[in-house]
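The values are calculated or read from the model by the stated rules, or taken from the named source; none is laboratory data. Source: prediction; values computed, not measured. Cβ placement follows ideal geometry from the backbone for every residue including glycine, while neighbour counts extend to all protein chains displayed.
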Amino acid sequence: MIESLLRRFEGPLTRELVRAPGRYGLGQVPERLTPNATTTSVCGYCSTGCGLKVHLRDGIAVNLSADPRYPVNLGMACPKGWEALAPLSAPDRVVTPLLRNAQGTLEPADWPTALQAFVSRFKAIMQEHGPESVAFLSTGQIPTEEMLMLGMVWKFGFGAIHGDANTRQCMATAHVAYKQSFGFDAPPFTYKDFEESDVLVFVGANPAIAHPIMWERVMLNPRQPQTWVIDPRRTETAVASTRHLALAPKSDLTLLYGLAHILIRDGALDRDFLAAHTEGFDEFSENVKSFTPQTVAEATGLSVAEIEDLALAIRPGKRVSMWWTMGVNQSHEAVRTAQAIIALCLMGGHIGKPGTGPNSITGQANAMGSRLFSNTTSLLGGRDLLNPEHRAEVAEILGIDVERIPAKNTLAYDQILDGVRNGTIKGLWVVATNPKHSWVAQGDLEKDLANLDCLVVQDMYASTETARLADIVLPAAGWGEKEGTFINSERRIGLLKKVRRAPGQALADFHIIRLLAQAWGCGDLVQDLRTPEDVFQLMRRLSDGRPCDITGIVGYKHVDREGGIQWPWPKNADPATYAHERRLFADGNFPTPSGKARFLFDAPRMPAEMPDKSFPFVLLTGRGTSVQWHTGTRTDKSAVLRKLYPADCYLEIHPVDASTLGIDHQDWLTVASRRGEVKARACLTDAVQPGQVFLPMHYAQVNALTHPEFDPYSRQPSYKHCAVSVRKA
Amino acid sequence: MIVPSPPSLREFAPNIMGEMIAEALGAQASLTAVDVFSSWHEQEVEAAKGLDQQPHLAPWYRDLIPLQAPGIGEQYAFVVDLDRCSGCKACVTACHSLNGLDEEEGESFREVGLLLDPSGARGQQHITSACHHCLQPGCADGCPVLAYEKEADTGVVKHLDDQCIGCEYCVLKCPYDVPKYHHGKGIVRKCDLCVGRLRAGEAPACVQACPTKAISVTVVSTQPVETEAVGFTLPSAPDPAFTRPTTVYRSAKPLPASMIAGDAKSLAPEAAHWPLAATLVVSQVAFGTLWAGVAYHLAGHLSPNLAPHLTHSQNLAASHLPGTWLLGFLPLVVMSIALGLSILHLGRPLQAWKAWLNWRKSWLSREIIAFGGFAACAAAYALVGCLSDSSWANALATSLGNVSATPTGASISASVATSQPLLQASTLVSLVQGLPDLLRPIVAPIAGAAFVFSLLGLITSSMVYIDTPRAFWRRPATAWRFALTALGTGTLCYASLASWLKASLGGAISGAYPRVFPALTHEVTHGVTQSLTQEAARGLTQGVTEGLTQGLTQGVNSGITFEAVAGFIVALAIAAHALKWFIEFAALRHARLETQARHSASANPPDANAPTLSSPALQLQRSARILLGPKRKVWLARTLGGVLGILALLVFILLSDAAGSGFLRPALLSFAALSFLAADLLERHLFFTASASPRMPGTL
């Protein structure tokens, strides 16, 4: 009795966690964070492109949740999305430009000084060493409008040639594979295909962890689909799937050719489609003749039965979709592997229909925007720099002299860094990426970057591994502090909105590039581009008549209202036929000169570095957890996310190997390759096969080990295969 | 590369640049989302005005929450479909965001752990867990202030944030590591199953946010038979028998018992809880001082009133130490320190007075009551022990008599009638003289009560820890540790102080002790009767000085009996501390299980059906490995303290025949007492930091 009198059910501490109706369709929200408006913004991490509902109070974001009405994520988000606001409030945001002083330390400067420093340094380098002595390395993380500004100002304004992006590390392969096979970089699918397939084959993809919202869509599939996972690791996706083929690392091309062999052997082909809409099949068919189930079984370490079962599963008749991501893209023969997936889909007619497609799951939030509009490897609008007609089109749209458009392709990322190493590249501008952590086989990269005549880093944080080496740091506004559009994996253009004020003098990349153009003396290029939406209108004009035609999209409000719009959406399209989910090539016409999709083949070869006596393990790398994003510059800023991933770098090793080496779970280990050695803690798991080990890429030391091998077509690094030794530290 | 200092701003930047920069900064600072997109979002604002508007996500979770509230004999429970959980951890972040939890602490009421399979049979499995809203919630049973409420209608175990005093006992009581202490707020917070959302027909935050619909809420019976689905058994998870958790984990693919948690081999020490560790040690020292005092008393040395086998006159004649009153206060003083330290442990110390509230269920409440009882008895013991001594009363009477010019107390009554001013004084004298006889009979009961409370204190202290799910604590060893601190360190502390007094007094003259009080009381009385003149102050000072000086110079009659008691205590302390060390040492043997397990693993390929260590065995193993690993130095220091103390005591014994060793022997005793005290504090630090808690599977 007296006890009940002395108990406090209410009070200030209790009130802190009281929930109240949030309105705006939110349900209950924390009372102290009740919004007085909401808006939708597309997430800035991965290419899934989820819609986030930002809870605003007086125009400022106070909280967010996943948007139930966005057609991509249907009200769900992964932890990174839920924590999208946290990185904006990090204490180590850079709030003024920084210049390295005579003592070698970075000190604050004002914008005029910083702009002048940039311009005078880069002009001096280019005057002395020519237009090919400078380069930029940008990103798949900034809006398309900013990418376009950067690539356009750099090449047509500054007169520079070389500029590449970290999309080289994630999507270059898919880009080249689609371009060669379909005539345009055009992922054909829509996310609805996850829900409409009978058979889903994931090749080198772990959507459960890397793209949890795509996995959501798989789990929503009502057709009780078969899911197959082709991956050396028993990933979360593999555990949850119907079948897992744990093949030998980098034997996927052989396996895919083996599947083609069986389909041809059994006549399990969509012959009408092959005849009408493809070319090169006969040659391809000839080439895969030697890939008998027996030889493929030997090369892949799989059983003949496993291979035959999968071949049976992907025969024509059912809705078969094949999905790939970094396991394929980051390989020494990546483009041909992607094209083998394309070939299998073409053979079964698995394209242009619900639940089908050779589908590349993209990596970064705006890798797709980069592929179309960054003006790096392609000319604006997915055009070719070497094509005079394309150059003329662009010159006309921009209203500039065609001579300002260089008729020369950029060096690829690895070639730019080679230039940095051997001194031909003397000035480097790094925008929203962190090569000091992320680039393959780091070697002496730190020293090389420090030796540059001028290294400019434009980022939200001066604390990234790369920014710490910079001569000039330009403070950038981040996601949520600026407007623009992203293009996601299914070609959906989504809008991001300004819901927070950038700290200090940080500016959106849009503004920084515009100011630099003016300071350089090429302000004419950006004079009419006063807002990001002005650039979006330019993107519309650039897309006119291209496969990525978006001339039917009126502007940002249109994108916002529709919950994102997939390209193409040409101006003459009938709005009545508009659908939230659209796929390409339903008519079987491909944007190649012949209108047909191509079969392409190269004989598989071994990776350059195989395990041997000194380095007996194959090192695989990849995403560790769903809460970590790449080099962690943003995800490390959230206290919640930090709790959800291991603080120490860890090495997955099979219990049998661990037992042989006397290694116990969570022991400290030394992992060494020919290029370096790192410390990591043991994680004993059967997710890896004996003889293989796995390191997550989010820990900076991992790239001390990786091997610099590149796909010859896409020049994408093969992060996922090198030889290492393991011992107790 | 150093950037050369750029030209001045004016030289470089014509006005247009300055304007553009200002424009850019201005544009950057404007927030446009609402203005620009208002036409579209106004529709939502309009829609939002409908009060009964359904959350947009309602269709998604409609099937994931029960249609009806629990009936009688039912409650809500989480259901986790392990086959659908992909380990994305969105539930954790959604709980954080949708419940407005603390940013800086990264607070969330849901966690996701990992089970790994060394056998190769199953692959990894992520385990999402929040509060299990147990049928027998350990947190609620343990909370001393009744800050937990198991709701009658929903079964939700709700934490009353404003009732919490931040003692963190629920953290120790919960086998699942669910209640989390918030350092900034000084309280614990936990999951309430978003019961307010459920009442409004909405799903809990985690249920709303799971992209694969792996988490749902159901209604379960609160009277489950053994075979029913309520509760769960997961590899490496705590035994559900402790608290009867209600969460239902489902999987069509059985989880091999050989699966290990991602953090299975983590040797991260548990929270040290220094104030708590110190409280335990100091309170036990207080108990020991009482025991030692009683031992001296029983031997007739320090307080004759407590030697019932002696007559009053024998008591008076018996030798006793001066300053006994001081020693009589020792248990009280030490216990007060312990209680002060215990307050330091609390997040909200001002609410500490409520801590007795849950005496029906919580051993912590009972401990606090026992400690309070002991403190009260110790206070009474100290005061009554002094006041019941006739010698001070006689002396007081004498001084009162002096004031009234009456030579003896006996004649005071005679003068009462004649001298009005003396009436008060003489009454006082008789009262004073009668008081010791009045009090004497209750001294022994008070000491007895204090002794009983000291035992209750030890029992309740032990049960506070034994009654948790931590294997390291759930054993008789805990009670032994505590009792042996009292027996070894506490008694030794008393003996060393007694020894100092004896040594500093040198000689052996009876009656010194009473002189202190009589002198004091005489002067005080004198001062009072002098109408508070300056004499009083002088007299007071003089009295105290004289009394002490006399006492110190006159010394005591140090009979063999005193030495025998001291010797007995020393022997006891050596035995107790050595036994205690051995009990602690024995805990290290569990580390060996590890080696055995590894041998069997290397001899045979991993086997899905391989027998696995029980959860308590794994906890004990982790405790031992923490002691031998990250806490090795503390363990060695603790051992060193014990060894030094025992060595000092052995030297003390060797010197027992060397009469006149002066201050060496008390110094040895004090050194030993301090060594034991330090060793016990370190031991208690290890007691907490090595108390590997059971928990849900964690991450790497």
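For the reader, a short list of remarks on this structure follows.
- Selection within the range B:350-392 - free of Cβ contacts under 8 Å to residues at least 40 places away in the same chain and over 19 Å from residue B:336 (Cβ atoms): B:359, B:360
- For the range A:484-501, a residue qualifies if it is within 15 Å of residue A:144 (Cα to Cα), more than 9 Å from chain B (Cβ to nearest Cβ) and outside any strand (DSSP E or B), and the qualifying residues are A:488, A:489, A:491.
- Some residue of the range A:118-140 being surrounded by 23 or more Cβ atoms within 10 Å (Cβ to Cβ), assigned to a loop (DSSP other than H, G, I, E, B) and more than 8 Å from every other protein chain (Cβ to nearest Cβ): yes
- Tally, over the range B:102-155, of residues that are more than 11 Å from every other protein chain (Cβ to nearest Cβ), part of a loop (DSSP other than H, G, I, E, B) and surrounded by 21 or more Cβ atoms within 10 Å (Cβ to Cβ): 9
- All conditions in (1) in contact with an Asp or Glu (Cβ under 9 Å, 6 or more places away or on another chain); (2) under 28 Å from residue A:588 (Cβ atoms); (3) surrounded by fewer than 23 Cβ atoms within 10 Å (Cβ to Cβ) hold for residue A:368, with the sole exception of (3).
- Of all the residues in the range A:1-55, those that are without any contact (Cβ under 8 Å) to a residue 24 or more places away in the chain, small (Gly, Ala, Ser) and more than 7 Å from chain B (Cβ to nearest Cβ) number 2.
- Flag if residue A:250 is among the basic types (Lys, Arg) and surrounded by fewer than 21 Cβ atoms within 10 Å (Cβ to Cβ): no
- Only residues that are in contact with a Lys or Arg (Cβ under 6 Å, 6 or more places away or on another chain) and at negative phi were counted across the range A:461-496, and they come to 6.
So that you can scan it fast, the table gives a plain yes or no per residue for (1) assigned to a loop (DSSP other than H, G, I, E, B); (2) of a type in the set (D, E, K, R); (3) more than 16 Å from residue A:723 (Cα to Cα):
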{"site": "A:611", "(1), (2), (3)": "yes, no, no"}
{"site": "A:626", "(1), (2), (3)": "yes, no, yes"}
{"site": "A:632", "(1), (2), (3)": "yes, no, yes"}
{"site": "A:648", "(1), (2), (3)": "yes, yes, yes"}
{"site": "A:657", "(1), (2), (3)": "no, yes, no"}
{"site": "A:664", "(1), (2), (3)": "yes, yes, yes"}
{"site": "A:670", "(1), (2), (3)": "no, no, no"}
{"site": "A:682", "(1), (2), (3)": "no, no, yes"}
{"site": "A:689", "(1), (2), (3)": "yes, no, no"}
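- Complete set of residues in the range B:1-31 that are closer than 20 Å to residue A:54 by Cβ and at pLDDT below 75: none
- Residue, surrounded by the most Cβ atoms within 10 Å (Cβ to Cβ), within the range A:3-34, restricted to residues that are within 38 Å of the chain's Cα centre (by Cα) and of a type in the set (Val, Ile, Thr): A:29
- Residue check, residue B:656 modelled with pLDDT under 95, under 30 Å from residue A:651 (Cβ atoms) and surrounded by fewer than 24 Cβ atoms within 10 Å (Cβ to Cβ): no
- Some residue of the range A:670-677 being within 13 Å of chain B (Cβ to nearest Cβ) and modelled with pLDDT of 95 or more: no
- Taking the listed residues A:560, A:574, A:528, A:534, the one that is in contact (Cβ under 8 Å) with a residue 24 or more places away in the chain and acidic (Asp, Glu) is A:560, with no other qualifying.
- Among (1) in contact with a Gly (Cβ under 6 Å, 6 or more places away or on another chain); (2) free of Cβ contacts under 8 Å to residues at least 60 places away in the same chain; (3) of a type in the set (Ser, Thr, Tyr), the one test that residue A:70 misses: (2)
- Taking the numbered list (1) in contact with a Cys (Cβ under 7 Å, 6 or more places away or on another chain); (2) within 14 Å of chain B (Cβ to nearest Cβ) in turn, residue A:568 passes all entries but (2).
- Hits in the range A:67-85 - residues which are within 26 Å of residue A:643 (Cβ to Cβ) and either surrounded by fewer than 21 Cβ atoms within 10 Å (Cβ to Cβ) or more than 7 Å from every other protein chain (Cβ to nearest Cβ) (or both): A:67, A:73, A:80, A:81, A:84, A:85
- Scanning the range A:519-576 for residues that are of a type in the set (Val, Ile, Thr), over 16 Å from residue A:381 (Cα atoms) and crowded, with 20+ Cβ neighbours inside 10 Å gives A:526, A:559, A:565.
- Residue that is on the phi < 0 side of the Ramachandran plot, outside any loop (DSSP other than H, G, I, E, B) and hydrophobic (A, V, I, L, M, F, W, C), where the choices are A:61, A:77, A:102: A:61
- Residue in the range A:233-245 that is under 21 Å from residue A:348 (Cα atoms), in contact with a Ser or Thr (Cβ under 9 Å, 6 or more places away or on another chain), buried (at least 24 other Cβ atoms within 10 Å of the Cβ) and in contact (Cβ under 8 Å) with a residue 60 or more places away in the chain present: no
- Reported count of residues in the range B:63-76, each being under 30 Å from residue A:240 (Cα atoms) and either aromatic (Phe, Trp, Tyr) or modelled with pLDDT of 95 or more (or both), is 5.
- If you go through the range B:156-173 and keep only what is facing another protein chain (nearest Cβ under 8 Å), surrounded by fewer than 24 Cβ atoms within 10 Å (Cβ to Cβ) and closer than 30 Å to residue B:221 by Cβ, you end up with B:160, B:161.
- Scanning the range B:146-205 for residues that are aliphatic (A, V, I, L, M) and closer than 17 Å to residue B:77 by Cβ returns B:152, B:156, B:157, B:178, B:193, B:195, B:198, B:203, B:205.
- Members of the range A:86-103 found to be of a type in the set (A, V, I, L, M) and either within 7 Å of chain B (Cβ to nearest Cβ) or closer than 29 Å to residue A:561 by Cβ (or both), listed by number: A:86, A:88, A:99, A:102
- Looking across the range A:624-669 at every residue that is within 7 Å of another protein chain (Cβ to nearest Cβ) and within 13 Å of residue A:729 (Cβ to Cβ), the one that is surrounded by the most Cβ atoms within 10 Å (Cβ to Cβ) is identified as A:650.
- Checking residue B:83 against (1) away from chain A (no Cβ under 14 Å); (2) part of a loop (DSSP other than H, G, I, E, B), the condition it does not meet: (1)
- Count of residues meeting criterion [more than 10 Å from chain A (Cβ to nearest Cβ), over 18 Å from the mean Cα position of the chain (by Cα) and at pLDDT 95 or above] in the range B:177-189: 1
- Selection count, the range A:502-518, where residues are in contact with a Leu (Cβ under 7 Å, 6 or more places away or on another chain), more than 7 Å from chain B (Cβ to nearest Cβ) and either assigned to a strand (DSSP E or B) or farther than 14 Å from residue A:529 by Cα (or both): 0
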